[in-house]
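Only one structure is covered here, and it is reproduced in the block below.
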Amino acid sequence: MPFAFDNTDYKSEGAWLTIGSFDGVHIGHQKIIRTMVEKARATNSPSIVLTFFPHPAKVLRKIEGPFYLSTPEEKDSFIKQLGVSSLLTLNFSEELSQLKADDFMRLLQKQLHFSYLLVGNDFHLGKDREGDYKRLVEIGRDLKYQVEAIQPLKDRNIAVSSSLIRELLSTGNLEQANQLLARWYELDGMVVHGDGRGKHIGIPTANVSPWAEKLLPAPGIYAAWSKLNERFIPGVVNIGFRPTFYNYPAQQTIEVHLLNFNADIYGTKMRLFFVERIRDEIKFDSAEALMREIRNDIEKAREALDYAPTEKNLSA
């Protein structure tokens, strides 16, 4: 069997279910999950989200390198904030991808005993994506569950999707990406030792090492909140290759200059919340010219972060 759930608490007649990868848990995902939770609560029924890891695109299209908008832990947290009764994650594999929609839904119904399925009207599952809304309705008649579909959210006449947000982040459109996420884009990682160049030029930075699969915003300078030990600290983040100093860098770095902060934080976990993109990363003729621009960046970051931050909770 490609999958099985051991926890019998999930077997509840009358349950509502939705299925998807839900990478990033953007406003379109939130609409589906919130609608399901509301419908389930109206009849005092459980609500279940079934998601996948790895992402099907990573497995089927052999995508390598940074891709995800959310780590598995972040995705779990975002979904649970929306009030679901249960969250289940299936290991997506080549074997699972070969199941026809009918076989997949039969196995799922045998395990979960759900009564209602809520999906977006452009949803597909099963081998060759043959399990669209119409097919799922046909299968539901046989398996005794009902199917409802809702229209996808659109932004400027384009359906909101994880793919769209990846494109926005990769091209530097942080503002629109944050709007479609309904929160600041974020990433976390350990503070590690860098080459010490920032300290040498009088602007010390913390190098953050994130999950290798997490998508980074486009190279550039950002105003961002850093969260250290539950404390929010304003800062300037440089994502890129430091072209002023290196002609052929091996990889991107994430360097954070924390404002009005001076402490040894090596080995500490830091979470970054990207608030505003300040400029592109560019090559300067000298370290002095770079320093002048960095001071401008710091002032712009102070202006962008001149307020008390509150971490977004999707239950609000």
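Answer with one residue from ALA40, LEU88, ILE294: the one whose Cα lies farthest towards the positive end of the charge dipole of the chain, charges on Cβ with Lys, Arg +1 and Asp, Glu -1.
Of ALA40, LEU88, ILE294, it is ALA40.
Quick check: pseudo-label points 7 Å beyond the Cα along Cα→Cβ at LYS110 and GLU167, how many nm apart are they?
4.1 nm
Quote to one decimal, in nm, the extra length available between TYR266 and ARG302 on full extension: 0.36 nm per residue of separation minus the C-alpha distance between them.
Gain on extension, TYR266 to ARG302, equals 10.6 nm.
Which order results if SER170, SER115, SER163 are arranged by neighbouring Cβ count within 10 Å, fewest first?
Ranking SER170, SER115, SER163 by Cβ neighbours within 10 Å, fewest first, gives SER163, SER170, SER115.
Taking the Cα centre of the chain as origin, work out the dipole magnitude from +1 charges on Lys and Arg Cβ and -1 charges on Asp and Glu Cβ, in debye rounded to 20. Could you put the intermediate results ahead of the total?
On the way: 39 positive and 41 negative charges, 80 e Å.
It comes to approximately 380 debye.
Collect residues whose amide H, placed 1.01 Å from N in the peptide plane, falls under 5 Å from the amide H of ILE265; neighbours closer than 5 in sequence don't count.
Answer set, sorted by chain and number: none.
Cβ neighbours within 10 Å, averaged per peptide: list 216-223, 149-156, 69-76 in order, most packed at the top.
Answer by packing, highest mean first, reads 216-223, 69-76, 149-156.
With the contact rule set at Cα under 8 Å and sequence spacing of 6 or more, what percent relative contact order holds for the chain? Before the final figure, lay out the partial values.
On the way: 567 pairs, mean separation 53.0, N = 316.
Normalised by residue count, the contact order of the chain is 17 percent.
Kindly state, to the nearest 0.05, the FRET efficiency for ALA159 paired with LEU216, given R0 = 25 Å and r defined as their beta-carbon distance.
With a Förster radius of 25 Å, E is 0.55.
In nm, give the distance between the simple-model label positions of LYS283 and SER77, each being 7 Å from the Cα along the Cα-to-Cβ direction.
3.9 nm
If you take all C-alpha pairs in the chain, what percent of them are over 24 Å apart?
Everything past 24 Å amounts to 58 percent.
Quick one: net charge around GLU64, please, counting Lys, Arg +1 and Asp, Glu -1 for every other residue with C-beta under 12 Å from its C-beta. Mind dumping the intermediate values first?
Numbers: positive: LYS58, ARG61, LYS62; negative: GLU213.
In short, +2.
Which of rounded, prolate or oblate describes the stretch 59-123 when judged by the alpha-carbon gyration tensor and an a/c cut-off of 1.5?
oblate
Rank these for me by crowding, THR51, THR171, going from fewest to most other beta carbons within 10 Å.
THR171, THR51
Indicate the gyration tensor shape class of the stretch 1-155 (rounded, prolate or oblate), computed on the Cα atoms with a ≥ b ≥ c the square roots of the eigenvalues: a/c under 1.5 is rounded; otherwise a/b larger than b/c is prolate and the rest oblate.
Since a/c stays below 1.5, the shape of the stretch 1-155 is classed as rounded.
Values in this text are rule-based calculations from the coordinates and carry no lab data. What you see is a predicted model, and the numbers here were worked out from it, not measured in a lab. Using ideal geometry, Cβ is built from the backbone for each residue, glycine included, and neighbour counts are taken over all protein chains shown.
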